[in-house]
Amino acid sequence: MTDRVRAVLVTPSGALLTIKRVRPDAEPYWVLPGGGVEPTDASLEDALAREIHEELAGQARVHSLIHVEEIRGESQYFFLARIDHWDPTRRSGPEFTDPTRGAYIVEEIPLTSSALAGTALKPESVGDLLVRHASDLFHLADLRTSRPA
């Protein structure tokens, strides 16, 4: 079993930064940036920082762990964080160079219940959680006590 980390990334414009997955023969869906924790990662936060750098060429300030869920035998840790700069043209990772895996499109979704409810965010349970708490997330991620990830 592998632990996974995901980031609920709030942008300066008050949006949620996501990755739209477009795969052959499937409806598009959105995921939160993140991935598997590697044995070389010193902590979950270090794993999250590595994944954000790989997937977005960005750096986030983590506010807090907001949700933990078991999904298909994996523990998934969801962190609320603030991101100010990212550059998808500088991201790295084998998934971005393998055309058989489909497209990974970085998208900002307005951080409102209605916008989030109209987005096929996976896993659905976390999408539902974000819909219920959308109005609180921007204010929480803007706190000055955030620390770099």
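The values are calculated or read from the model by the stated rules, or taken from the named source; none is laboratory data. What you are looking at is a predicted structure, and each value in this text was computed from that prediction instead of being measured. All Cβ positions, glycine included, derive from the backbone under ideal geometry; neighbour counts span all protein chains shown.
Points to keep in mind about this one:
- Scoring GLY58 on the criteria (1) under 21 Å from HIS133 (Cβ atoms); (2) in contact with a His (Cβ under 8 Å, 6 or more places away or on another chain) leaves a single failure, condition (1).
- Looking only at region 91-105, residues that are touching a Phe, Trp or Tyr at 6+ places or on another chain (Cβ under 8 Å) and either on the phi > 0 side of the Ramachandran plot or part of a helix (DSSP H, G or I) (or both) come to 2 in all.
- Tally, over region 106-149, of residues that are modelled with pLDDT under 95, in a strand (DSSP E or B) and either charged (D, E, K, R) or at positive phi (or both): 1
- Extreme residue, farthest from PHE78 (Cα to Cα), among residues of region 1-57 that are part of a loop (DSSP other than H, G, I, E, B) and of a type in the set (Gly, Ala, Ser): ALA26
- Against the list (1) under 23 Å from ASP128 (Cα atoms); (2) in contact (Cβ under 8 Å) with a residue 24 or more places away in the chain, the condition GLU70 fails is (2).
Conditions (1) more than 17 Å from GLY127 (Cβ to Cβ); (2) hydroxyl-bearing (Ser, Thr, Tyr), marked per residue:
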| position | (1), (2) |
| --- | --- |
| GLU54 | yes, no |
| ILE71 | no, no |
| HIS85 | yes, no |
| SER92 | yes, yes |
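- Some residue of region 17-32 being at pLDDT below 95, more than 16 Å from ILE105 (Cα to Cα) and small (Gly, Ala, Ser): no
- Qualifying residue in region 77-86 (condition: under 13 Å from the mean Cα position of the chain (by Cα), farther than 16 Å from PRO12 by Cβ and part of a loop (DSSP other than H, G, I, E, B)): no
- Criterion: among the acidic types (Asp, Glu) and surrounded by 20 or more Cβ atoms within 10 Å (Cβ to Cβ) - qualifying residue of GLU55, GLU45: GLU55
- Check on LEU32, buried (at least 17 other Cβ atoms within 10 Å of the Cβ) and hydrophobic (A, V, I, L, M, F, W, C): yes
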